[in-house]
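**Student:** Pasting a structure here, questions to come.
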Amino acid sequence: MRELFDEAAGQSPLDPTEAVRRATRAPQRKRFYKEAGVAPADGGFAVTLDGKPIRTPSGRQVIAPAGAIAEQIAAEWNAQGEIIDPLTMPLTRFANSVAEVADRVDAVADDVAKYLGTDLLFYRAGHPEALVAREAAYWDPVLSWAANELGAHFILSEGIVHVTQPEQAIKAARSVFPTDPWSVAALHVVTTLTGSALLALALLRGALDSDEVWAAAHVDDDWNVEKWGVDEEVAARRAARFVDFQAAVTILEALKV
């Protein structure tokens, strides 16, 4: 099992794009268990294969913080056919990654915070007017929410010219990051997939739902599709990334109080 989800040296275990690339090149393995289940464990719930708890490639036991999460991970294992396909197991990949970085939560959060300096929502098109208006319609409400609810006032820029964001704004947004490993990891995945820590925070705090976040993250892409048509390769990559996005959303929803 470990070979299926082994981490590539020097790569972030929370990078969903890299996870898919590794899983694609991983050797196929036949199903070696009859049934996956869930069992109480210290700190949460373990996912078991024929009664034995699953572990990460480095040997760490995977402990889900909520029974609903463990049940869905077990469902991924039960859904496998004769050959195990990691690409159909986004929650399992996510769980492995969380277990590997559980003792580095601050570092993962700091990685998310870096996006607050170069967030997708800060860099706007200068033309055409219709695209400018569409970006504003999707992105301005999030910036207003950050300013009003988080006290984080950011600066916008036209094009790709870098603008240095106020340190106070970055600190204000960073201060509301979650502290538990699973939520931080989900925040990281949503941030890297959307290019926006603010969209990830808006999802985490309930200011936007997952459909709104995904649409806001792809305003420019959808504009190009309308103008030039669908690029099948780009569409396939987007679909693969959406699978990991949905896994992160599942985690955040399960952990809501």
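**Student:** Restricting attention to the range 219-229, which residues are surrounded by 11 or more Cβ atoms within 10 Å (Cβ to Cβ) and of a type outside the set (Asp, Glu)?
**Tutor:** Val219, Trp223, Asn224, Val225 - these are the residues of the range 219-229 that are surrounded by 11 or more Cβ atoms within 10 Å (Cβ to Cβ) and of a type outside the set (Asp, Glu).
**Student:** With the requirement that a residue be over 28 Å from Ala236 (Cβ atoms) and not in a helix (DSSP H, G or I), what does the range 57-89 give you?
**Tutor:** If the condition is that a residue be over 28 Å from Ala236 (Cβ atoms) and not in a helix (DSSP H, G or I), then Ser58, Gly59, Arg60, Gln61, Val62, Ile63, Ala64, Pro65, Ala66 are the ones that fit.
**Student:** When Ser196 is evaluated against the numbered criteria (1) small (Gly, Ala, Ser); (2) at negative phi; (3) in contact with a Gly (Cβ under 9 Å, 6 or more places away or on another chain), which criterion, by number, is the only one it fails?
**Tutor:** Ser196 satisfies every listed condition except (3).
**Student:** With the condition kept exactly as written, say whether any residue in the range 118-133 is touching an Asp or Glu at 6+ places or on another chain (Cβ under 9 Å) and among the small types (Gly, Ala, Ser).
**Tutor:** Yes, the range 118-133 has at least one match.
**Student:** Going through Val176, Val163 one at a time, which residue ends up being at pLDDT below 95, β-branched (Val, Ile, Thr) and surrounded by fewer than 21 Cβ atoms within 10 Å (Cβ to Cβ)?
**Tutor:** Result of the check over Val176, Val163: Val163.
**Student:** Quick one: how many residues across the range 152-175 are in a helix (DSSP H, G or I) and touching a residue at least 40 places away in the same chain (Cβ under 8 Å)? Spell out the reasoning first.
**Tutor:** To start, the set of residues in the range 152-175 that are in a helix (DSSP H, G or I) comprises 167-174.
Then keep just the ones that are touching a residue at least 40 places away in the same chain (Cβ under 8 Å); that gives 169-170, 173-174.
Result for the range 152-175: 4.
**Student:** Tally the residues that are open to solvent by less than 50 Å² (accessible area, probe 1.4 Å) and of a type in the set (D, E, K, R), restricting the search to the range 112-155.
**Tutor:** Qualifying residue count, the range 112-155: 3.
**Student:** Still on this structure, please answer the following. Can you find even one residue in the range 206-218 that is in contact with a helix residue (DSSP H, G or I) (Cβ under 9 Å, 6 or more places away or on another chain), of a type in the set (Phe, Trp, Tyr) and buried (at least 24 other Cβ atoms within 10 Å of the Cβ)? Give the steps one after another, and end with the answer.
**Tutor:** As a first pass, look at the range 206-218 and keep what is in contact with a helix residue (DSSP H, G or I) (Cβ under 9 Å, 6 or more places away or on another chain): 207-210, 212-218.
Now restrict to residues that are of a type in the set (Phe, Trp, Tyr): 214.
From the residues that got through so far, the ones that are buried (at least 24 other Cβ atoms within 10 Å of the Cβ) too are none.
Within the range 206-218, not a single residue is in contact with a helix residue (DSSP H, G or I) (Cβ under 9 Å, 6 or more places away or on another chain), of a type in the set (Phe, Trp, Tyr) and buried (at least 24 other Cβ atoms within 10 Å of the Cβ).
**Student:** Something else about it: Here are some conditions: (1) open to solvent by 40 Å² or more (accessible area, probe 1.4 Å); (2) in contact (Cβ under 8 Å) with a residue 60 or more places away in the chain. Ala239 meets all but one. Which one does it not meet?
**Tutor:** Status for Ala239: all satisfied but (2).
Quick grid of which residues meet (1) over 23 Å from the mean Cα position of the chain (by Cα); (2) open to solvent by 60 Å² or more (accessible area, probe 1.4 Å); (3) within 30 Å of Pro65 (Cβ to Cβ):
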| residue | (1), (2), (3) |
| --- | --- |
| Ser157 | yes, no, no |
| Glu167 | yes, yes, no |
| Val190 | no, no, yes |
| Gly195 | no, no, yes |
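Residue by residue, here is whether (1) polar (S, T, N, Q); (2) modelled with pLDDT of 90 or more; (3) open to solvent by 30 Å² or more (accessible area, probe 1.4 Å) holds:
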| position | (1), (2), (3) |
| --- | --- |
| Arg2 | no, no, yes |
| Asp15 | no, no, yes |
| Arg21 | no, no, yes |
| Ser58 | yes, no, yes |
| Ala66 | no, yes, no |
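**Student:** Using beta carbons and a limit of 9 Å, which pairs, at least six apart or on different chains, have the first residue in the range 36-48 and assigned by the TED database to the domain that holds Pro65 and the second one surrounded by fewer than 19 Cβ atoms within 10 Å (Cβ to Cβ) and among the charged types (D, E, K, R)?
**Tutor:** If the second residue must be surrounded by fewer than 19 Cβ atoms within 10 Å (Cβ to Cβ) and among the charged types (D, E, K, R), the pairs left are Ala36/Asp50; Gly37/Asp50; Val38/Glu71; Phe45/Glu71; Val47/Glu71; Thr48/Glu35.
The values are calculated or read from the model by the stated rules, or taken from the named source; none is laboratory data. The structure presented is a predicted model; accordingly, all values stated were derived computationally and were not measured. Glycine also receives a Cβ, built like all others from the backbone with ideal geometry; neighbour counts cover every protein chain displayed. Calculation scope for accessible area: heavy atoms of the full protein, side chains included, ligands and nucleic acids excluded. Shrake-Rupley method; radii C 1.70, N 1.55, O 1.52, S 1.80 Å.
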